[in-house]
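Accompanying notes for the structure given below.
The values are calculated or read from the model by the stated rules, or taken from the named source; none is laboratory data. Not measured: the values here are computed from a predicted model. Note that each Cβ is placed from the backbone with ideal geometry, even for glycine, and that neighbours are counted across all protein chains shown. Please note that ligands, DNA and RNA were not included when accessible areas were found on the heavy atoms of the full protein model with its side chains. Shrake-Rupley method; radii C 1.70, N 1.55, O 1.52, S 1.80 Å.
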Amino acid sequence: MGDNNSLIGGESLQWQINDRVIIVQLLVMIFLCINFLLILTFFQKECFYTTPRYMLFAVTLLSDSFVLLVTDVILILHYFQIPMHVWLCIIISFLLILHLLITPVTLTAMTLERYVAICMPLRHGELCSRHSTVNCILIIHGLSSVPCIVVLSTFFASVSLSFYEQHSVCSVQIFLAHRWQKHLWSALNQFYFLIMCITIVFSYVQILKVAKTASGENKKSTWKGLRTVILHAFQLLLCLIQLWCPFIEAALPQINVSLFNTVRYFNYIMFSLAPRCLSPLIYGLRDEKFFHAIKNVCFGLCTKSIWKVFP
C-alpha cells in the first residue's frame, strides 16, 4: 500500500510539473507574440526609430524576447534532462547573462532620458540625439558584458580543457563551480544595482521637484514621467530579485525536492516572466502615440489575413 501511494504521489507530481511546463509555454508564446507586434510597430514609423526613448524601448524588447526564448529552451532541456556539450552551454549562458543585465541597464538609461526631458528640456535635443542614443546603446552592451567577462575569466582559469568536451544539462550555474565565484558574481550584481538604484532615486527626486512647480500641460506630462520612473524602479526591483533567486534555490534541494520545484517555478514566473511583460505595458499601452500605431498595425495584419482567406 505504501508503494502504491508513493507511486500515485510521484505520478501526480509529474503531472503537476507537466501542467507547469505547459503554462510556461503558453505565457512565453503570448509575451513573444506581444513583443513581436511591438517590434513590428517600432519599425513602421521613422519617428520611433529616431526618438531616443523608443530606441531604448526597442533594445529592451529585443533583449527580453531573447531571454524569454533562451530561458524557455533551457527549461525544456532541463526538464527532459537533455545534455549538451559544455562549450555550447557556455556560449548560450554568456549571451543569456549578458541580456539579463542589458534590460536593467537600459531601464536606467531610459530613466535618465526622462530626467533630461523633464528637468533639462532645453538640452534634451542635444544630449538625447539619435547619434548619442546609438552610442548609449553601445555603452549599455559594454557595461552589461563586464560581469560576464569577469565570471567567464574566473571560470576559464579554474577548469581544465577536457571539461569543455563533457556533456551536461545546461545551466547558468555551471560557471559558479566554487563558492568564491558565487560571492564574486553576487557582489558584481549588487554593485551594478546599487548604482542603478541611486540613479533612479536621483531622477525620481529631481522630477518630483519639477512636478511640484510645474503647471497646466507641463504638470500633466511631468507626473506621467514620474509614474514611468516608478514603474522602471519596480521592474528593476524584480530584475534584482531574479539574480538573487539561484542563491536562494541552491539550498532547497537538500531540504525538499518538491519545495525546490515549486519555488523555482514561482521565481521563474514572478521574477523572469513578469518583469518582461511590464515593458510593453509602460511604453506599448501607456504611450498614446505608440498605442495608436499598434492599433494601425493590428488593423493592417487583420486586413491582410482576411484578404488571404477571402481573396
Options Ser144, Ser93; residue that is closer than 25 Å to Leu231 by Cβ, part of a helix (DSSP H, G or I), at pLDDT 85 or above and not aromatic (Phe, Trp, Tyr)
Ser144
Exactly one of Val116, Val151, Val134 is over 18 Å from the mean Cα position of the chain (by Cα), over 19 Å from Cys239 (Cβ atoms) and surrounded by 13 or more Cβ atoms within 10 Å (Cβ to Cβ), and that one is Val116
Restricting attention to the range 162-194, report how many residues are within 25 Å of Trp244 (Cα to Cα), assigned to a helix (DSSP H, G or I) and free of Cβ contacts under 8 Å to residues at least 24 places away in the same chain.
7
A careful count of residues in the range 39-58 that are without any contact (Cβ under 8 Å) to a residue 24 or more places away in the chain and more than 21 Å from Lys295 (Cα to Cα) gives 0
For Leu107, are the conditions met, namely being open to solvent by 50 Å² or more (accessible area, probe 1.4 Å) and either in a helix (DSSP H, G or I) or more than 30 Å from Arg53 (Cβ to Cβ) (or both)?
no
Filter pass, Ser272 being part of a helix (DSSP H, G or I), farther than 18 Å from Lys182 by Cβ, of a type in the set (Gly, Ala, Ser) and modelled with pLDDT of 75 or more
yes
Return yes or no: is Leu107 touching a His at 6+ places or on another chain (Cβ under 7 Å) and of a type in the set (A, V, I, L, M)?
yes
Test: Phe247 is surrounded by fewer than 17 Cβ atoms within 10 Å (Cβ to Cβ), modelled with pLDDT under 75 and not basic (Lys, Arg):
yes
Being more than 18 Å from the chain's Cα centre (by Cα) and more than 30 Å from Ile118 (Cβ to Cβ) narrows it down to one of Leu176, Leu208, so name that one.
Leu176
Restrict the check to the range 211-220 and report whether at least one residue is part of a helix (DSSP H, G or I), at pLDDT 80 or above and open to solvent by 20 Å² or more (accessible area, probe 1.4 Å).
yes
Please find, among Leu32, Leu61, the residue that is in contact (Cβ under 8 Å) with a residue 12 or more places away in the chain, part of a helix (DSSP H, G or I), under 27 Å from Phe193 (Cα atoms) and open to solvent by 40 Å² or more (accessible area, probe 1.4 Å).
Leu32
Looking only at residues that are of a type in the set (S, T, N, Q) and modelled with pLDDT under 75 in the range 275-311, which one is most open to solvent (accessible area, probe 1.4 Å)?
Ser305
Of the residues in the range 52-72, those that are under 14 Å from Ile97 (Cα atoms) and of a type in the set (A, V, I, L, M) come to Val67, Leu68, Leu69, Val70
